[in-house]
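The values are calculated or read from the model by the stated rules, or taken from the named source; none is laboratory data. This one's a predicted model, so the numbers in the text were calculated from it and none came from an experiment. Cβ coordinates were reconstructed from backbone atoms using ideal geometry, including for glycine residues, and neighbour counts include every protein chain displayed. The area values use the complete protein model at the heavy-atom level, side chains included, leaving out ligands, DNA and RNA. Shrake-Rupley method; radii C 1.70, N 1.55, O 1.52, S 1.80 Å.
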Amino acid sequence: EECRDGGMRVEDIDEQALADRMWSAGVPDPDLVVRTSGERRVSNFLLWQMAYAELFFSESLWPEFDLEELVKAMRHYVRRSRRYGA
């Protein structure tokens, strides 16, 4: 829209331009994403923002996701060697 209306040039579209226009603009990208219910997919949730996030899959359903499960997720996270795409 912005390009069509003259507010932006096509050659100015880059990663930051896209990030600035998402509903989550200004919110830091997540470091850890928890997926409950035993599902092993992300269902289009924060696809751009979670590119470098660590994923934790829990068998617990969301209502039963408790402190114990959160601690498991955090232990999983701190054991990871983060490489940010390298």
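For region 41-63, backbone nitrogen atoms closer than 16 Å to the point 7 Å from residue 80 Cα along Cα-to-C-beta are found at 41-43, 45-59. Taking every alpha-carbon pair under 8 Å whose residues sit at least 6 apart, region 19-61 reaches a relative contact order of 47 percent. Pairwise Cα separations in the chain fall into 10 Å bins from 0 onward with the following percentages, short to long: 14, 36, 29, 13, 9, 0. What a 1.4 Å probe finds exposed on region 31-80 is 56% carbon and sulfur by accessible area, rounded to a whole percent.
The long axis of helix 67-79 is offset from the longest Cα principal axis of the chain by roughly 70 degrees.
In the chain, Cα pairs under 8 Å separated by at least six residues give a relative contact order of 24 percent.
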